[in-house]
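Below is one structure, written out as structure tokens; comments come after it.
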Amino acid sequence: MTDSALFVVRAGALTTVQDRGRPGHAHLGVPHSGALDGPAAALANRLVGNPPGAAVLETTINGCAVRPRSTVAVAVTGAPCAVRVDGRPVAWGAPVTVPAGAVLEVGTVIRGVRSYLAVRGGIAVEPVLGSRSTDLLSGLGPPPLANGQVLPLGDPQGHYARVDVAPQPAPPEELVLRVTPGPRDDWFTPEAVRTFTSRAYRVSPSSNRIGLRTEGPALERARPGELPSEGMVLGAVQVPPDGRPVVFLADHPTTGGYPVIAVVHPADLPATAQAAPGTPVRFVTVRRR
Amino acid sequence: MRALPVGDNALLVEVSSGEEAQALHAELLRRRAEGALSVREIVPAARTVLLDGLDDPARLASELTASEVPPAPPRARTAIEIPVRYDGPDLADVAALWGVDEREAVRIHADTEFTVAFCGFAPGFGYLTGLPPRYDVPRRATPRTAVPAGSVALAGPYTGVYPRSSPGGWQLIGRTDVVLWDHARVPAALLSPGTRVRFVPVGRS
């Protein structure tokens, strides 16, 4: 490791270190974790020549500000926002050089929710079970950023990608989530199953890295009682007693006792990271492949 | 046995008892160790085993439902011993539910050999089975906002030990100083599915 590091000038509302998470430990109760918008995090890494699994910063709504000790290449992707170096506007979605001691400001999102800041060399906090990701459910990994904190940077690896700008999907106006039914759709009335895939929901403000909560028509159960705890996958749509579907995201619990009516297609999950509260949500059934 | 598809890459295999789930889990671990099963996560639970990260869940589903699961192999390892001060705030309530005095409740618990049926809720939290069904207890009507780390607790058919302070609705019967989860340790989790456990009473200090 070099002596390069980032000083956290402004931590922002909720900024966490994220990489591709810690798969393979669900049987011990360890959530997967990792960047919610994986493609955006991977792109930020590619723009600064990092391997795709390097740790980046994931911001929430109002960005963050950091001051590198040495001159570094950075890139901001994900939710579009103003990016400034010592107050001067620089490019979003493209590699930018930040001189030693200058302040890099990742601004409030224009749309979307989460921006990703990659720094050449990667954020080099100590990994836990092979990952540097902050897991907000179980508390594994580094705590969310705090003002005045210093984050170590790793040694640059690999070739510097000669990419100036890269196309990125716009944050969704409407979240259309393809789902495959089950495993517990038989716990709901046929009417509830129809409601789930035909009525509009909205993203609830209580959504977080654990789950995308929704507001909309409650789904009625066909059977009472409790489901014994069972394993949960990323993208599981769990329906708690209030009847509003919750889509399990990266920090979701590994087991749960509420029935899962359907599972969201993995390719549709990154968009959930950028769906602001109030965004309309539709669940669309697709045939199992 | 039923194998329910979960999305495109996972399978939830449902059996009719906790013992069958543990046997199925052991069998799946054996197949993976042999290289006969490629899967990212094998997550046992109360009546199910989840297999996540499969290339062809439908094929595995038909294979599994067509085959017999051998009973769980006898475990060679001796039980892990967890010293417990049986002085939890709900010990008297648990004893009353069991229809015995506190001393007898402690004896019943400490004379039982437990097995970690599955993990969940928090890293290092195991759901331990072993008590006869007549000793099932309900959760507290009102969950506590903070249960101290090391609390030994009961709910339904399970005994568990809280790896860290967290909210919880289980009946607290004691405390241990044993560290359930330490990510700097290998393995990080003291308890994993299949581990045998005995609770050893120690003096109230």
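Sorted from greatest to least, the principal axis extents spanned by the alpha carbons of chain A come out as 62, 38, 35 Å. In this structure, the amide hydrogen of A:Cys81, modeled 1.01 Å from its nitrogen in the peptide plane, lies closer than 5 angstrom to those of A:Ile110, counting only residues at least 5 positions away or on a different chain. Whole angstrom only: what separates the Cα centroid of region A:15-36 from the Cα centroid of region B:1-65? Centre-to-centre distance over Cα atoms comes out at 21 Å. Region A:60-94 and region A:168-210 have Cα centres lying 33 Å from one another.
Seen against the Cα atoms of chain B and their longest principal axis, helix B:57-66 is set at about 80 degrees. Under a 5 Å amide H cut-off, with hydrogens placed 1.01 Å from N, A:Leu175 pairs with A:Val281, A:Arg282 among residues at least 5 apart or on other chains.
Each of B:Pro133, B:Ser151, B:Phe118 was scored by the projection of its Cα onto the charge dipole of region B:80-201, and the greatest displacement toward the positive side belongs to B:Phe118; charges sit on the C-beta of Lys, Arg, Asp and Glu. Computed from phi, the 3J(HN,Hα) profile of region B:191-198 under the Karplus parametrisation 6.51, -1.76, 1.60 (θ = phi - 60°) reads 10, 9, x, x, 5, 8, 9, 10 Hz, with x in place of Gly and Pro.
Over all distinct Cα pairs, what is the inverse of the mean 1/r for region B:2-66, reported as the Kirkwood hydrodynamic radius in Å? Let's see the in-between values first.
Details: mean 1/r = 0.0868 Å⁻¹.
Evaluated over region B:2-66, this radius sits at 11.5 Å.
Using a cut-off of 14 Å between beta-carbons, work out the net charge of the residues near B:Ala21 (Lys and Arg +1, Asp and Glu -1, B:Ala21 not included). My count for the surroundings of B:Ala21 gives -3.
As a test of the formula, what do you get for chain A when each DSSP H run with n ≥ 4 contributes -39,500 (n - 2.57) and the sum is divided by the residue count, at 222 nm and rounded to the nearest 500 deg cm²/dmol?
-2000 deg cm²/dmol
Helix A:38-47 and the longest principal axis of the Cα set of chain A meet at an angle near 20°.
Taking a Cβ cut-off of under 14 Å around A:Thr254, the surrounding Lys, Arg, Asp and Glu residues balance to a net charge of -3, with basic ones at +1 and acidic ones at -1. Across the alpha-carbon set of region A:5-152, the Rg to Rh ratio works out to 0.95, Rh being the Kirkwood radius.
The angle separating the long axis of helix B:18-33 from the principal Cα axis of greatest extent in chain B is about 50 degrees. Distance distribution note for chain B: the fraction of Cα pairs above 31 angstrom is 25%. For region A:66-73, the Karplus equation 6.51 cos²θ - 1.76 cosθ + 1.60, evaluated at θ = phi - 60°, returns couplings of 9, 10, x, 6, 10, 5, 9, 8 Hz by residue, with Gly and Pro reported as x. Taking Lys and Arg as +1 and Asp and Glu as -1, the other residues whose beta-carbon sits under 11 Å from that of A:Glu215 total +2.
Spread over its residues, the convex hull of the C-alpha atoms of region A:65-171 is 129 Å³ per residue.
Can you list which of the GluC sites (Glu not before Pro) found in region A:196-230 are DSSP loop residues with at most 14 other C-beta atoms within 10 Å?
A:Glu220, A:Glu226
Each principal axis of region A:97-152 carries a Cα extent, and these read 33, 29, 21 Å when sorted largest first.
Around the amide H of A:Ala222, modelled in the peptide plane, lie the amide H atoms of A:Phe188, A:Thr189, all under 5 Å away and 5 or more residues distant in sequence or on another chain.
Loop-located GluC sites (Glu not before Pro) across region B:1-93 with a Cβ neighbour count of 10 or fewer within 10 Å are B:Glu34, B:Glu68, with loop assigned by DSSP. Think of chain B as a dipole: +1 on every Lys or Arg Cβ, -1 on every Asp or Glu Cβ, centred on the Cα centre; then among B:Ala26, B:Gly160, B:Pro70, B:Gly160 lies furthest on the positive end. Its relative contact order, with pairs defined as Cα atoms under 8 Å and 6+ residues apart, puts region B:67-205 at 35 percent.
Beyond 19 Å, what share of the Cα-Cα pairs of region B:59-173 remains, rounded to the nearest whole percent?
Working: 3361 of 6555 pairs.
Value for region B:59-173: 51 percent of Cα pairs lie more than 19 Å apart.
Rounded to the nearest 20 debye, what is the charge dipole size of region B:69-205 about its Cα centre when +1 sits on each Lys and Arg Cβ and -1 on each Asp and Glu Cβ?
280 debye
Helix-only arithmetic for chain B: the sum of -39500 (n - 2.57) across DSSP H runs with n ≥ 4, divided by the residue total, places the mean residue ellipticity at 222 nm at -6500 deg cm²/dmol. Over the protein assembly as shown, all Cα pairs binned in 20 Å intervals from 0 give whole-percent P(r) values of 22, 50, 26, 2, listed from short to long.
Using the Karplus relation 6.51 cos²θ - 1.76 cosθ + 1.60 with θ = phi - 60°, the per-residue 3J(HN,Hα) values for region A:49-54 come to x, 8, x, x, x, 5 Hz, with x marking Gly and Pro.
Rule-based calculations on the coordinates, nothing more; no lab input. Keep in mind that this is a model prediction, so the values were computed, not measured. Cβ coordinates were reconstructed from backbone atoms using ideal geometry, including for glycine residues, and neighbour counts include every protein chain displayed.
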